[in-house]
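Colleague: Supplied in C-alpha cells, the structure appears directly below.
The values are calculated or read from the model by the stated rules, or taken from the named source; none is laboratory data. It should be emphasised that the depicted structure is a prediction, and the values quoted were computed from it without experimental measurement. Cβ atoms come from the backbone with ideal geometry, glycine included; neighbour counts cover every protein chain shown. Surface areas here come from the heavy atoms of the whole protein model, side chains and all, with no ligands, DNA or RNA. Shrake-Rupley method; radii C 1.70, N 1.55, O 1.52, S 1.80 Å.
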Amino acid sequence: MIPKRALKVLMLENSENDAARMAETLLKGGYEVHSERVATPEEMAAAMDGGSGDGWDVVLSNYEMPQLIGKAVLKLLRERRPDVPLIIVSGDASEDMAVEAIRAGAWDYVMKDRLSRLVPSVERAVSDRGVKLERDKAEDALKAELEVSNALLKMAEITSSSINWNETAEKVLRVLKGIIRFEGAMVILADSEGRLSPGAAVACSDSIISALAEMRPGLADVRALEQAMLTKKLLTLGADELAGMMPDFIVSNLRLKELIIAPIMAREQVVGFLVINIRKADGDSRIPALIKGIAAQLGSAFENASLYDETQKKRLELAKGMEALRVLHEIDRMILSTLDREDMLSKVSLQIKRLIPADAGCILLLNGEEKTLSVSCCWGAGLEKGEQFLLDGSPGADTLLSGKPTVRADVLEEKKMCRHDGVFRDAAIRSEIIVPIMSKGTALGLIRLGSRRVAGFTYEDTAMTEKLAYQIGIALENTRLIADLEDMLLSTVQALSSAIDAKSHWTRGHSARVTDYALKIGKEIGLPEDEMEKLRLTGLLHDIGKIGISDELLDKPGALTDEEYEKIKGHCDRGAEILAPIKQFRDIIPAIRHHHEWWDGKGYPLGLKGEEISLASRIISVADFFDSFTADRPYRKAQDRNLAIAELKRCSGTQFDPAMVSIFLRVIGSPD
C-alpha cells in the first residue's frame, strides 16, 4: 500500500460541506489531509500567525464570501506568507473573475463542480513551491559563499601586497567587519618575553588601546590569551565566562557578547592574537573557520613583514650587502613572476650560484609521504633532473626531521653516505651545507650546496641559504594556495552555473553539457591550457544573464511575443554586466556577450560577423545550439540527434562558423 502524503491545508470557506468535499477529494488523491477552516479575516490572520502557521502547504479559498473576498485573501497572504500558494475554489465565477484572481496572485482557479482538477492543481502548486524554496535556499547559500570568497580573495591580495604589518592588519579587520559585523576587533601583539601591546584595531575603545599600551601586561596577566597561546587553538568565551579570564580594564569598557580569540602564528610561534567581540554566532560554522583562516593570513603577513625587516637589517650587517640585496630582489621578482614551480626553482638556482660561493648544488623536493627526494635542479655535480632516491641514511633525512640546517665542514670525515653523497665526492666536494625548505612547519625539500674547500661556507652563507629556502618555501606554498583559490573559483562558478540552470527544470545540466561539448572542440583545435580554462568558465557562465529573466518567461510553453523575445535576447548584455565587476572574469566577458552572434552578421546583440566574433563565442554557439536542440524545452520536445546534425550543417556558414561545425561533428563521431 502506497503511504499517503501529508498535506497541511488552510481552507477559507464558509460552507462546512464544501470544505469537507475538498478534504475528501484530496484524501482520495493520496493525501493525508490536516486542515483548518476559517471564514473571516481575523480567523485567517490568526491561522497564519499561530503555532501551525509556518506549516501550511497550500491555501484553498472561496472567492466570494460575506466577510472575506478573494482580493483581501490574496493581499493578506502576500503580507503574511508569500511563499504559500493559494488556489481559488469557487462555486460560481465568470472567466473574468478567474483571470482577475490569477493576475492578483492566485496559483490556480478550480470550480467546485469540477473538483477532479483540485488534486493535480495542488500537486503542481506544492511541487513548484518546493522547487522555489530549494532554489532560494541554494541562492542564499551561494550569496553567502561568494561574499566570504570575495572577502578572502581581497584579504589575500592585501596580505601579499603590503609589507607594513599594522597597515595590513587594519585593512584585513575592515574587510572582516563587512562580513561578520562584529562589535569590535583588535590585534594584540606578544613579544619574545610575553609582554603584550596593542596592534591594529577597528571599532575598539581608545581607552582599551591606551591602557594596553601603557600597562604592557604579561601573558600570565591575561589568562584567556595565555590559554590560547598554550593550546594554539581558537578560544571562544561567552560574556559570563570572562571573569578572571580578561583584565577589568577590557571587560569594563566593552559591551561583551561573545569573545573569540585566535592565536596568530608565524614560524610556528605565537606572535599575537586576533581578538573579536562578536554578536553571538548562533551556530554559524563559517565564523570560527573564517576567523581562524584570517589569523593564519595575518600570521603569513607578519612573517613577510618580519622577513622584510630582517632583510633591511642585513643590508647593514653583511659585507656583501648591496650585491646580496640586489640578488635577493631578483629572486623575489622571479618568484612572483611565475606560478610554474620548476621554472621558478630553475631561475632561483641561478641566483643562488651568484650569491653563495658554491661549486656544486641542487634543490631537492620531498615526494609527499613516499620518503624519497626528487632532483628539481642541479649544477656542478652529476645528478640528473627528476632523479629520485630514498631519504634513509642520508644527511638530508636528519635535516628534514630537525627542520634545521646541517653544516658539514669536511665530508670525508662523515660516516653517513647515500647516492648523492658519492656524486658530490666525485665532484671533489669537501664541505657542504644542507638547508630545509619549510612552509608553516612542513618540510617541502632541501637546498644542498657544496664547496671544494674544507669549511668552505661561513655562518653568513648558511644564514643566506636559510633565507633563500624560506623564500622558496613561501613561493611553493603560494603556488599551492593559488591553485586552491583557482579550484575554489571553479567550484564557485560551477555552483553559480547550477543555480542558473536550476531556474528552470528544462535547463538543468545545460551549462555543464555545453561546457563539455565546447572543451571537446577546444581540445580538437589544440587550444593552450589557459584558453581551455577560459573556455570552461565561458561555457559554465554563458547563460548567467538569465538570472534576471522571470521563471514564467523561461518556462513559457508557447511562442514568445516580440517584447518577450527582446527580454530573452537581453541576457547576453545582462551576463556581461553581472560579471564586469569581477576581474577574474574580464577575459571571458566578450565570449559570453557574443555567443548568440551569427557568422553572417544577423545575430545579436551587436550584429558581429565572421572572425569579428571571438573563437570562444563561435565554439559556444555550436555547443549551445546542439544541446538546446536535443533537450526538452517548454515549447517543444527534444529533437533527434540526426535532425540536430542536419540543422547544424544547414546553418553552417550562416548562423555558425563552418570550421567549428566541422570540428564539432568530428568530435561527436558524425561525418561532415
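Colleague: Per residue, how large is the accessible surface of segment 181-241? Use a 1.4 angstrom probe and give square angstrom. Walk me through the intermediate numbers first.
Modeller: Numbers: 3130 Å² over 61 residues.
With all protein chains present, segment 181-241 gives 51 Å² per residue.
Colleague: Looking at this model, which pairs from 347/534; 292/440; 143/177 are more than 21 angstrom apart at the alpha-carbon? Walk me through the intermediate numbers first.
Modeller: On the way: 347/534 28 Å; 292/440 15 Å; 143/177 17 Å.
With Cα atoms farther than 21 Å apart: 347/534.
Colleague: May I pose another question? Could you go through segment 345-358 in sequence order and give the Karplus-derived ³J(HN,Hα) for each residue, using 6.51 cos²θ - 1.76 cosθ + 1.60 with θ = phi - 60°, rounded to whole Hz, and x for Gly and Pro?
Modeller: Karplus-based 3J(HN,Hα) across segment 345-358 equals 5, 4, 5, 5, 4, 5, 6, 4, 4, 6, 8, 10, x, 9 Hz.
Colleague: Amide H to amide H, which residues 5 or more places from residue 264 or on other chains are under 5 Å from it, using H placed in the peptide plane?
Modeller: Answer set, sorted by chain and number: 271, 272, 273, 274.
Colleague: Given a 1.4 Å probe, how much area per residue of segment 518-672 is accessible, in Å²? Provide the component values of the computation, followed by the final result.
Modeller: Values: 7720 Å² over 155 residues.
Averaged over the residues of segment 518-672, the accessible area is 50 Å².
Colleague: Let me ask another. Tell me, what ³J(HN,Hα) does each residue in segment 398-410 have, in order and in whole Hz, if you take phi through Karplus 6.51 cos²θ - 1.76 cosθ + 1.60 with θ = phi - 60° and put x for Gly and Pro?
Modeller: With the stated coefficients, segment 398-410 comes to 5, 5, 5, 5, 7, x, 10, x, 10, 10, 10, 5, 8 Hz.
Colleague: Going by amide H atoms built from the backbone, whose H comes under 5 Å of the H on residue 35, apart from near neighbours?
Modeller: 9
Colleague: So if we plug the beta-carbon distance of residue 206 and residue 458 into 1/(1 + (r/R0)^6) with R0 = 56 Å, what FRET efficiency do we get, rounded to 0.05? Working shown, then result.
Modeller: Values: r = 50 Å, r/R0 = 0.88.
FRET efficiency, residue 206 to residue 458: 0.70.
Colleague: Something else about it: Whenever you get a sec, compute what percent of the accessible area on segment 562-654 sits on carbon and sulfur atoms (1.4 Å probe).
Modeller: Values: 2360 of 4800 Å².
With neighbouring chains kept in place, the figure for segment 562-654 is 49 percent.
Colleague: List every residue whose amide H lies under 5 Å from the amide H of residue 200, counting only residues 5 or more places away in sequence or on a different chain, with H placed 1.01 Å from N in the peptide plane.
Modeller: Long-range HN contacts for residue 200: 187.
Colleague: So, one more: Two decimals, Cα atoms only, Kirkwood Rh: what is Rg/Rh over segment 589-672? Walk me through the numbers before you get to the answer.
Modeller: Numbers: Rg = 12.5 Å, Rh = 12.9 Å.
In segment 589-672, Rg relative to Rh is 0.97.
Colleague: How many angstrom lie between the Cα centre of segment 602-672 and the Cα centre of segment 153-206?
Modeller: Each part's Cα centre sits 53 Å from the other's.
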